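Taking it in order: structure first as structure tokens, then the write-up.
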2 protein chains.
Amino acid sequence: MAKPRDIVLVGAGKVAEQLGAQLLKNGHQILFVWSRSIERAQLLGQQLKTEASNKMELVPDEADLYLILVPDQAIPEVAAQLSGHINSNALVMHTSGSTPSSVLSPFFDRNGVFYPLQTFSPGRTVNFATVPICIHTAKAEDFAWVNDLAQTLVDKVYAVTDQQRTQLHLAAVFVNNFTNYLQYISQEIMREHDLPERLLLPLLTETIAKLEELSPDQAQTGPALRHDQSTMERHLKMLEHHPEWRHLYQALSKGIQKDLSES
Amino acid sequence: MAKPRDIVLVGAGKVAEQLGAQLLKNGHQILFVWSRSIERAQLLGQQLKTEASNKMELVPDEADLYLILVPDQAIPEVAAQLSGHINSNALVMHTSGSTPSSVLSPFFDRNGVFYPLQTFSPGRTVNFATVPICIHTAKAEDFAWVNDLAQTLVDKVYAVTDQQRTQLHLAAVFVNNFTNYLQYISQEIMREHDLPERLLLPLLTETIAKLEELSPDQAQTGPALRHDQSTMERHLKMLEHHPEWRHLYQALSKGIQKDLSES
């Protein structure tokens, strides 16, 4: 068990809320919560039983780690503000999957990324211990320290370079955003034909459960894979009134045939 | 609890194996297994402790129900063969999601569809009780009987017309085949950049778990939804060497923006 650490949360959104709770639960101290919004800062401050403000000048300068948890595009500006109020030798990390650590370099030598790879939604609490944390530190000598901290929070911690993390974020868009959108399309098809929406949930659950044992190329099935032209043509005709979905059906089928078909 | 039934399985593939086991487990009798392949027929016959053959003339003619479990395109031919050997008043149902029940009408007045909506893979046993069974019978007077039988096997039984079932099968292609293919793409991106493949499993699991509580339109997140043009452009540049995936990224993002974005 690593030593308890003193941490400042710069940001008070969904990630700050769940990461903050996990830090507290595992014996670390949240010294302070800052947010552009005083309401959000105070709300999270109450939840985490700590001081909170929207004034950057109140951020204490003796923390072991400053975690920046604001939207991607706000990171450089918030880092610049923060740098005016804390020790220039402080360790400052952002938590974004798609932002290079280099945006922090102009302000802090000891910078890095502390990226919890999960989808966080308001009102939904994930089992944080199962969330992989991907770490990068600009200074090699900071890595072990941050790794120890992350290990107190979750089961799996990974060293991931800036370049790898960008690729990881791209892959995550396919796994999360695009996968969710396919479920939207299927749900709309169900609705339009008076079919109960939950009828497909067992299929979805098994589709994903399979991937614990099989790789996606082994698990692939369906009309495209078996070049079942008559079923595919019937489906395309059924999608006539949804030209975008029809186009997606074609593009996805073509991809399956190119990447995964034997013939 | 409905009366035990005497059932003949016409086909010995993945669905026959798991549906047959569930019938047996719930007190019904498998009278006979037929398959074009004598090896497959005998293998499943042994598993289900019953007679098996590749000769249609050996199929007994006193069963309560004949279930046709062969590939879609073989259904009409197998039904024709079967009709030469059993009572013309027998109840005969196929188990295909994408084939109309009418392909059985030339041969049997009492026909229908008994469609277990799930993805079945060799060597992987699903919890059959959670599989929804979708039923259609040509004769209204057969419905209650078949419904009772299905209720002995699974938790949820649905009355689904031929036209609805075709739509359901189309929706299932999005939920199963296309969803699986997106996981393939993300896995390849991970591999190409020496990232551990299992790193994204917790994200995938949560993406799906969310849908037990939220509808897909409520659960949608990501760069496309928030019109984050700079992230999308960076992603498209990263996909330069995979023009098909690049095209899919664009088409899926466009769909999310059209169907789900507020602006």
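Here the stretch A:109-194 has 44 percent of its accessible surface on carbon and sulfur atoms, given a 1.4 Å probe and all protein chains in place. In terms of the Cα gyration tensor, with a ≥ b ≥ c the square roots of its eigenvalues, is the stretch A:32-90 rounded because a/c is under 1.5, prolate because a/b exceeds b/c, or oblate? Oblate is the answer for the stretch A:32-90, as a/c is 1.5 or above yet b/c matches or exceeds a/b.
Backbone phi angles across the stretch A:69-78, fed through the Karplus curve with coefficients 6.51, -1.76 and 1.60 (θ = phi - 60°), yield HN-Hα couplings of 10, 10, x, 2, 5, 8, 4, x, 5, 5 Hz in residue order; Gly and Pro are listed as x. Taking other residues whose beta carbon is less than 15 angstrom from the beta carbon of A:L91, and scoring Lys, Arg as +1 and Asp, Glu as -1, yields -4. Ranked from shortest, the separations from the 7 Å Cα-to-Cβ label point of A:S102 to its equivalents in the other copies are 6.3 nm. Ignoring ligands, DNA and RNA, what percent of the 1.4 Å accessible area of the stretch B:1-55 is carbon and sulfur? Here carbon and sulfur together make up 49 percent of the probe-accessible area. Per-residue 3J(HN,Hα) values for the stretch B:123-135, derived from phi via the Karplus relation 6.51 cos²θ - 1.76 cosθ + 1.60 with θ = phi - 60°, read x, 10, 9, 8, 6, 4, 4, 8, 7, x, 10, 9, 10 Hz in sequence order (x marks Gly and Pro). Here is how far apart the B:H85 label points are across copies: 8.3 nm, shortest first, using a point 7 Å from Cα toward Cβ. Protein heavy-atom surface of the stretch B:212-258, 1.4 angstrom probe: 50% of the accessible area is carbon and sulfur, with nucleic acids and ligands not counted.
Among the residues of the stretch B:88-120, those with an accessible-area drop of 10 Å² or more from chain alone to full protein complex, heavy atoms and 1.4 Å probe, are B:S98, B:L117, B:Q118, B:T119.
Separation of the stretch A:171-192 from the stretch A:70-129 is 29 Å, based on Cα centroids. Computed over protein heavy atoms with a 1.4 angstrom probe, the accessible surface ordering of B:D61, A:D72, largest first, is B:D61, A:D72. Applying Stokes-Einstein at 20 °C and 1.002 mPa s to the Kirkwood radius of chain B, computed over alpha-carbon pairs, gives a translational diffusion coefficient of 101 µm² s⁻¹. What shape does the stretch A:1-111 take by its C-alpha gyration tensor, where a ≥ b ≥ c are the square roots of the eigenvalues and a/c under 1.5 counts as rounded, a/b above b/c as prolate, and the rest as oblate? Rounded shape, in that the Cα axes give a/c under 1.5.
Only protein heavy atoms count here, probed at 1.4 Å, and on that basis chains A and B bury about 8700 Å² of accessible area in total. In degrees from 0 to 90, rounded to the nearest 10, what is the angle of the helix A:162-172 Cα long axis to the longest principal axis of chain A? Long axis of A:162-172 versus the principal axis of chain A: about 40 degrees. So which residues in the stretch A:130-178 end up with at least 40 square angstrom less accessible surface once the other protein chains are there, compared with the chain by itself, probe 1.4 angstrom? Those residues are A:Y158, A:Q164, A:T166, A:Q167, A:L168, A:L170, A:A171, A:F174, A:V175, A:N176, A:N177, A:F178.
Considering just Cα atoms, how many Å³ per residue does the convex hull of the protein assembly as shown enclose? Don't jump to the answer; show the numbers that get you there.
Numbers: hull volume 87.2 nm³, N = 526.
Considering the Cα atoms of the protein assembly as shown, their hull volume per residue is 166 Å³.
With a cut-off of 8 Å between alpha carbons and a minimum separation of six or more residues, what is the relative contact order of chain A in percent? Please list the in-between numbers first.
Working: 359 pairs, mean separation 31.0, N = 263.
Relative CO of chain A lands at 12 percent.
For the stretch B:84-218, the relative contact order comes to 18 percent (Cα pairs under 8 Å, sequence separation of at least 6). Each residue of the stretch B:242-255 was assigned a 3J(HN,Hα) from its phi angle through the Karplus expression (A = 6.51, B = -1.76, C = 1.60, θ = phi - 60°), giving 10, x, 5, 5, 4, 5, 4, 4, 5, 5, 5, 5, 4, x Hz with x at Gly and Pro.
The residues of the stretch B:32-186 expose, per residue, 39 Å² of accessible area to a 1.4 Å probe.
The values are calculated or read from the model by the stated rules, or taken from the named source; none is laboratory data. Because the structure is a prediction, the values reported are computed rather than measured. Positions of Cβ are generated from backbone atoms using ideal geometry, with glycine treated the same way; all protein chains shown enter the neighbour counts. Accessible surface areas use protein heavy atoms only, side chains included; no ligands, DNA or RNA. Shrake-Rupley method; radii C 1.70, N 1.55, O 1.52, S 1.80 Å.
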